[in-house]
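The values are calculated or read from the model by the stated rules, or taken from the named source; none is laboratory data. None of the values given here were measured: they were computed from a predicted structure. Every residue, glycine among them, receives a Cβ derived from its backbone with ideal geometry; neighbour counts consider all protein chains shown. Side chains are part of the model used for accessible areas, which takes the heavy atoms of the whole protein and leaves out ligands, DNA and RNA. Shrake-Rupley method; radii C 1.70, N 1.55, O 1.52, S 1.80 Å.
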Amino acid sequence: MNTKLTHTNERFSVLSGSSDFLNIILNNISSCVMLLDNELRLRAFNDPLTTIFSNKKNEELLYRKCGEVLGCAYQIEEGTPCGSTSKCNTCELRVSALYSYVENKPIYNAHLMKSFIDFDGNKEDKHLQFSTRLFKYQKENYIVAIIEDITALKQAQIAEKNLKGII
């Protein structure tokens, strides 16, 4: 790599001609990056999505709704499509993504705790931190959602708080 490039404070736009480099970066960050369309269907994603979430194989992810891709327990347990469950209207991730899409306003580092079902059918409560933002590409509008699983951090904070309560 050109060292002159790496020693400047350039934005990633200077690498726009290198899709391989940008793909490597996206697949090596620890956060899930999802590109959703106006119906909250998955159009693109990075590798961490399949290790942190998802109860489906890679080839079964594209064009599915966000909750189906993440393994939302409500969608699975109620047997209804994402967007139609009894909890969809109050799902912080869904509401934030739609808000970003309609109002063109980003959401930064919002939190939620929600139940998910993994590939093996195990139900797990996860604490998530997420951001959503409108993303325009080739005259189409998308939502980019960046999701981090902060469950271990939240569990450590709860344990520390409980420990302080004992002492």
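Using +1 at the C-beta of Lys and Arg and -1 at the C-beta of Asp and Glu, which of Leu35, Ser96, Gly71 has the Cα lying farthest in the positive direction of the dipole of the chain?
Ser96
For the Cα atoms of the chain, what angle does the longest principal axis make with the long axis of helix 151-166, in degrees from 0 to 90, nearest 10?
Approximately 50 degrees, to the nearest ten.
Largest first, how would Val95, Val102 line up by accessible area (1.4 Å probe)? Before the final figure, lay out the partial values.
Numbers: Val95 70, Val102 105 Å².
In descending accessible area the options line up as Val102, Val95.
Send over a whole-number figure in Å² for the accessible area per residue of the stretch 41-131, probe 1.4 Å. Let's see the in-between values first.
Values: 4920 Å² over 91 residues.
I get 54 Å² per residue for this part.
Quick check: the angle from helix 92-103's long axis to the longest principal axis of the chain, C-alpha only, nearest 10 degrees?
Helix 92-103 and the main axis of the chain meet at about 40 degrees.
For Asp20, Asp118, Asp47, give the ranking by accessible area with the largest first, probe 1.4 Å.
On the way: Asp20 110, Asp118 55, Asp47 85 Å².
Listed by decreasing accessible area, they come as Asp20, Asp47, Asp118.
For the stretch 51-160, which chymotrypsin sites (Phe, Trp or Tyr not before Pro) pass both filters: DSSP loop (anything but H, G, I, E, B) and at most 16 other C-beta atoms within 10 Å?
Values: sites: Phe53, Tyr63, Tyr74, Tyr99, Tyr101, Tyr108, Phe116, Phe119, Phe130, Phe135, Tyr137, Tyr142; in loops: Phe53, Tyr63, Phe119.
Sites meeting the loop and neighbour criteria: Tyr63, Phe119.
When the helix-only estimate is applied to the chain (DSSP H runs of n ≥ 4, each -39,500 (n - 2.57), divided by the residue count), what is the mean residue ellipticity at 222 nm, nearest 500 deg cm²/dmol? Numbers along the way, then the final one.
On the way: 7 runs with 58 residues, N = 167.
Value at 222 nm, helices only, nearest 500: -9500 deg cm²/dmol.
Mind checking Rg over Rh on the chain, alpha carbons, Kirkwood formula for Rh?
Working: Rg = 17.8 Å, Rh = 17.4 Å.
Looking at the chain, the ratio lands at 1.02.
Based on C-alpha coordinates, I'd like the Rg and Dmax of the stretch 53-142, in Å.
13.6, 40
Within the chain, what's the longest stretch lacking GluC sites (Glu not before Pro) that sit in DSSP loops with no more than 12 other Cβ atoms inside 10 Å?
With GluC sites (Glu not before Pro) excluded where exposed in loops, the chain gives 40-167 as its longest stretch.
Would you mind checking the stretch 100-114 for residues with the amide N under 17 Å from a putative spin-label position 7 Å along Cα→C-beta of Glu77?
The answer is 113-114.
Would you mind calculating the gained length between Lys123 and Glu92 on full extension (0.36 nm times residue separation, minus the Cα-Cα distance), in nm to one decimal?
9.2 nm
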